[in-house]
């Protein structure tokens, strides 16, 4: 009897909870709808303001000077983004960094010296080799332009001239003739008739050829050491021992005894004279 009364009581409580939850849900829904209806007229009465975006250059009256300034800024940003490629392809950096990479490969030291050291050394050697050219560019183009003595076009023409002279001195006629032929331009009568887009790739492949020639000469003594060590190991029956591991100390010793870095750097710099 008591158990039946307890079950009836529990059922009544559950029924009351459901009814209470339904009433609370209805009250919340009523408040939300009332709030929307109350604030809607005031929100609809005010016009919706959208900020205007004006992409017009120069305002109401187009000014060619303002347009020219914008284009100059865009060109300047483009040149700055291409500065690393310009530094690599129009200076002595290509030959120097390739030769230094050949030195490391011939020594078989893997990542010693590391790439950061090789690139840093190549950059400073590039500044050293290109110092006369950069000085001429500064005196003939950059300084007069900053002082307002010449226009931007004149500064570019005078600034590119020393770089063109440097590239012409290091470019082979065969490589230059190749790009002149492939470009389809008329046969140039002098160096001034050769455009930059023909000169620069010819200069790059000439630099690569010179760097590979120097790298071949660097490889020869270290290749001889590898062959001697490999022959000695085979004669002693140590065929399972890697010859590269045994020859590495002898390569480093030879490179240090002959002052290899001095010879390599001197040969590199003299190759630009």
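Tabulated values for the structure
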| quantity | calculated |
| --- | --- |
| Matching residues in segment 143-171 - criterion: being farther than 14 Å from residue 192 by Cβ, loosely packed, with under 15 Cβ neighbours inside 10 Å and at pLDDT below 85 | 143, 146, 147, 148, 149, 151, 152, 153, 154, 156 |
| The listed residue being closer than 14 Å to residue 264 by Cβ and modelled with pLDDT of 90 or more, out of 99, 103 | 99 |
| Output for segment 185-204, where each listed residue is crowded, with 17+ Cβ neighbours inside 10 Å and under 25 Å from the mean Cα position of the chain (by Cα) | 198, 199, 200, 201, 202, 203, 204 |
| Residues of segment 91-102 satisfying the condition of being touching a helix residue (DSSP H, G or I) at 6+ places or on another chain (Cβ under 6 Å), farther than 20 Å from residue 201 by Cβ and surrounded by fewer than 22 Cβ atoms within 10 Å (Cβ to Cβ) | 102 |
| Residues within segment 131-162 that are in contact with a helix residue (DSSP H, G or I) (Cβ under 9 Å, 6 or more places away or on another chain) and assigned to a loop (DSSP other than H, G, I, E, B), tallied | 3 |
| Test result for residue 174, surrounded by 18 or more Cβ atoms within 10 Å (Cβ to Cβ) and either in a loop (DSSP other than H, G, I, E, B) or over 25 Å from the mean Cα position of the chain (by Cα) (or both) | no |
| Filter result (more than 19 Å from residue 122 (Cα to Cα) and loosely packed, with under 12 Cβ neighbours inside 10 Å) within segment 245-273 | 245, 249, 253, 256, 257, 258 |
| Residue check, residue 211 touching a helix residue (DSSP H, G or I) at 6+ places or on another chain (Cβ under 8 Å) and crowded, with 19+ Cβ neighbours inside 10 Å | yes |
| Residue that is nearest to the chain's Cα centre (by Cα), among those in segment 105-116 that are in a helix (DSSP H, G or I) and surrounded by 13 or more Cβ atoms within 10 Å (Cβ to Cβ) | 105 |
| Which numbered condition residue 220 misses (of (1) more than 23 Å from residue 91 (Cα to Cα); (2) at pLDDT below 80; (3) surrounded by fewer than 18 Cβ atoms within 10 Å (Cβ to Cβ)) | (2) |
| Search result, residues across segment 76-100 that are touching a residue at least 24 places away in the same chain (Cβ under 8 Å) and either in a helix (DSSP H, G or I) or within 24 Å of residue 261 (Cα to Cα) (or both) | 87, 89, 91, 92, 93, 94, 95, 96, 97, 98, 99, 100 |
| Filter pass, residue 145 being within 29 Å of residue 71 (Cβ to Cβ) and more than 27 Å from the chain's Cα centre (by Cα) | yes |
| Some residue of segment 230-240 being over 20 Å from residue 96 (Cα atoms) and in contact (Cβ under 8 Å) with a residue 24 or more places away in the chain | no |
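The values are calculated or read from the model by the stated rules, or taken from the named source; none is laboratory data. Everything quoted here is computed from the prediction, not taken from an experiment. Using ideal geometry, Cβ is built from the backbone for each residue, glycine included, and neighbour counts are taken over all protein chains shown.
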